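Let me begin by presenting the structure, written as structure tokens, before commenting on it.
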Amino acid sequence: MTKESQKTNTMTAEETARQNSFIELAQTLSAQKSNTLGRPLTYCLTTFGCQMNEKQSEVVAGIMDEIGYHRQDSEDADVVIYNTCTVRENANLKVYGRLGHLHSLKDKNPDMQIVLFGCMMQEPHVVEKIRKTYPFVNLVFGTHNIFKFAELFYEMQQSEQQIVDIWEGTDQIVEDLPTERNYTFKSGVNIMFGCNNFCSYCIVPYVRGRERSREPEAIIKEVKRLAADGVSEVMLLGQNVNSYGKTLENPVTFAQLLEMLEDIEGLKRIRFMTSHPKDLSDELIETMAKSKKICHHLHLPLQSGSSRVLKVMNRRYDKEKYLDLVERIRTAIPDISLTTDIIVGFPGETEEDFQETLDVVAKCEYDTAFTFLYSKRSDTPAAAMENQVPQDVAKERFNRLLALVQNEGRKRSSRFEGSVQEVLVEEESKEKGIFTGRTQYNLLVHFAGDESLLGKYVKVHLDECKGFYYLGTLEENE
Ligand code: 5AD
Ligand code: SF4
């Protein structure tokens, strides 16, 4: 280990210890408060956005639990927390809408505390608006100082003022904070934070900062601990996992990291997202093909099928390169399930450009494609482009794309109809006695079962494809 990385680790260990001391201080306060009120204290935590947010919410939930608050689903709680997203305008509007509702709840219960954090809070105009229009919000922090939550929470208990703590960036990765996992048998694992790609429509690099990879040792330690604790499926998370490890003192490739994880006992399935097509290496394809644990599913955002649009988007691949990559992946891993993200109505997109997107969708045989209407994000290069596509034109293209995607997806995913697949049983569906499991291809299957199956791998006969999910029958399992 080099001197530099030793220094970074010591710094983070010190920070973890510091935060633990704030947890203890906050515990004392909450015990007193709970005694006075004669009831347990409660919190409600809602997460908007991606799996990275889900993962970071687990840290906040873990700290709240340690401090002595009980989680509940309804918002008439002592503390209401939102982990926000800002990737598209809709996400922001949802938060503002819900803040209006929280205001009326707080009128009834003035002791209620409101906490906002995450990506949306990294935007100066948002914080400005919260200061002015929503002064009843107690605490606002961003994406870089989530590890400081215990400290900020303790501060909030002693302050009448709105506390705002936003960092512009960080090079710290704080390990070993308490977490409250959503599932006992599967878990997300952050392998990197931030993004350096600056796709011209995307706000993520501005709100999540520069790319930072965790040390492989820290990731391995976390996955081993999870596996020992009963987790058999991990999802490695990063904005661009294919560039994992490039900025480490001792660089490691993503494929090498996967190989290091392969032998961990108890681990059965490895997933990852998101892959950027420009960085997906042959080494990774080979590693996936020979691995016994990496699921045969790749999320490979296309964004647009037009080489001209891709260039303006700053994606650094073109239509031909993307199609060639898909072909190489399918040759090496014939049963791969591919999913993608597509943006419709990017500035300057013409009908011809859009036809190119339809063409790629028809050729790639995606199992699922997530389609988005382009959303103008402040301070991104695309927001300043003059040739914005009118809403009605974008919407009409969006509907055409959606119809194609659904049709192709149905055709593609029905390929498993009649086969027997291993599924990890995840939860009971809304219908009692009907359970939901997931195949390695990330396809959902509903079948009759019982609670003892939760978290287990079982064989299920896929009777009928219903588009994005299957109806199945549990096979005799030994
Ligand atoms: N407008 C619409 N969709 C966007 N995405 C990212 N930024 C925008 C935007 N400004 C989509 C991309 C990305 C997914 C997570 O969100 O398709 O892959
Ligand atoms: Fe956004 Fe592009 Fe980074 Fe993905 S790779 S987070 S789309 S800038």
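Nothing in this text is a laboratory measurement; each read-out follows from the coordinates by a stated rule. Fair warning: this is a prediction, and the values are worked out from it, not measured in the lab. Every residue, glycine among them, receives a Cβ derived from its backbone with ideal geometry; neighbour counts consider all protein chains shown.
Tell me, Lys221, Lys132, Lys148 in order of fewest to most beta-carbon neighbours within 10 Å?
Working: Lys221 13, Lys132 8, Lys148 18.
So the ranking, lowest neighbour count to highest, is Lys132, Lys221, Lys148.
Taking a virtual spin label 7 Å from the Cα of Arg18 along the C-beta vector, which residues in segment 48-83 bring their backbone nitrogen under 19 Å of it?
Within reach of a label on Arg18, which here means backbone N under 19 Å from a point 7 Å along Cα→Cβ, segment 48-83 contributes 60, 63.
Give me the extension gain from Val420 to Glu464: residue separation times 0.36 nm, minus the current Cα-Cα distance, reported in nm with one decimal.
Values: separation 44, 0.36 × 44 = 15.84 nm, distance 1.17 nm.
So the extension gain works out to 14.7 nm.
How tilted is helix 391-413 with respect to the longest principal axis of the chain? Cα atoms for both, answer in degrees (0 to 90, nearest 10).
Between helix and principal axis, roughly 70 degrees.
Give me the number: length gained by fully extending Ile220 to Glu180, i.e. 0.36 nm times residue separation minus the C-alpha to C-alpha distance, one decimal in nm. Please list the in-between numbers first.
On the way: separation 40, 0.36 × 40 = 14.40 nm, distance 1.92 nm.
Using 0.36 nm per residue and subtracting the Cα-Cα distance, I get 12.5 nm.
Which of His101, His461, His70 has the fewest other C-beta atoms within 10 Å, and how do the rest follow up to the most?
Numbers: His101 11, His461 17, His70 14.
In order of increasing Cβ crowding within 10 Å: His101, His70, His461.
Name the lysines eligible as straight-distance cross-link partners of Lys108: C-alpha to C-alpha under 26 Å, and not fewer than 8 places from it in the same chain.
Straight-line reach from Lys108, under 26 Å: Lys33, Lys94, Lys129, Lys132.
Identify the GluC sites (Glu not before Pro) of segment 99-183 meeting these criteria: DSSP loop state and at most 14 other C-beta atoms within 10 Å of the C-beta.
Numbers: sites: Glu128, Glu151, Glu155, Glu160, Glu168, Glu175, Glu180; in loops: Glu160, Glu168, Glu175, Glu180.
Of the GluC sites (Glu not before Pro), the ones in loops of segment 99-183 whose Cβ has at most 14 other Cβ atoms within 10 Å are Glu160, Glu168.
Could you order the peptides 352-362, 89-99 from most to least packed, using the average number of other C-beta atoms within 10 Å per residue? List each step's numbers first, then the result.
Working: 352-362: 17.9, 89-99: 15.4.
Per-residue mean Cβ counts within 10 Å order the peptides as 352-362, 89-99.
Segment 261-306 to segment 85-130: how many Å between their Cα centroids?
Cα centres, segment 261-306 to segment 85-130: 36 Å.
For the chain, what log10 I(q)/I(0) values come out of the Debye formula at q = 0.05, 0.13, 0.14 1/Å, with one point per alpha carbon and no solvent?
Each listed q maps to, in turn, -0.20, -1.42, -1.56.
Compute the length gained on full extension between Gln172 and Leu358: take 0.36 nm times their separation in residues and subtract their Cα-Cα distance, giving the result in nm to one decimal.
Numbers: separation 186, 0.36 × 186 = 66.96 nm, distance 4.23 nm.
So the chain would gain 62.7 nm between Gln172 and Leu358.
Do you know the relative contact order of segment 13-94, to the nearest whole percent, from alpha carbon pairs under 8 angstrom that are 6+ apart?
Values: 90 pairs, mean separation 29.2, N = 82.
It rounds to 36 percent for segment 13-94.
Please list, or write none, the aspartates and glutamates whose alpha carbon is within less than 20 Å of the alpha carbon of Lys292, excluding same-chain residues fewer than 8 places away.
Cross-link targets: Glu233, Glu259, Glu262, Asp263, Glu265, Asp282, Glu283, Asp335, Glu422.
Show me the ranking of peptides 103-110, 393-400, 306-313 by mean Cβ neighbours inside 10 Å, starting with the highest. Working shown, then result.
Numbers: 103-110: 11.2, 393-400: 16.1, 306-313: 19.9.
Order by mean packing, descending: 306-313, 393-400, 103-110.
Treat each spin label as a single point 7 Å out from the Cα along the C-beta direction, and report the Asp165 to Lys132 distance in nm.
Result for the modelled spin labels: 2.7 nm.
Go ahead and run the numbers for FRET between Gln27 and Glu475, Cβ-Cβ distance against an R0 of 56 Å, rounding to 0.05.
0.70
Restricting attention to the chain, give the cysteines that have no other cysteine Cβ less than 4.7 angstrom from their Cβ.
Cys44, Cys50, Cys85, Cys119, Cys195, Cys295, Cys364, Cys465
Is there a pair in Lys319/Lys411; Lys106/Lys430; Lys224/Lys293; Lys186/Lys293; Lys246/Lys363 whose C-alpha atoms are over 25 Å apart, and which pairs would that be?
Values: Lys319/Lys411 23 Å; Lys106/Lys430 32 Å; Lys224/Lys293 15 Å; Lys186/Lys293 14 Å; Lys246/Lys363 32 Å.
Result: Lys106/Lys430; Lys246/Lys363 exceed 25 Å.
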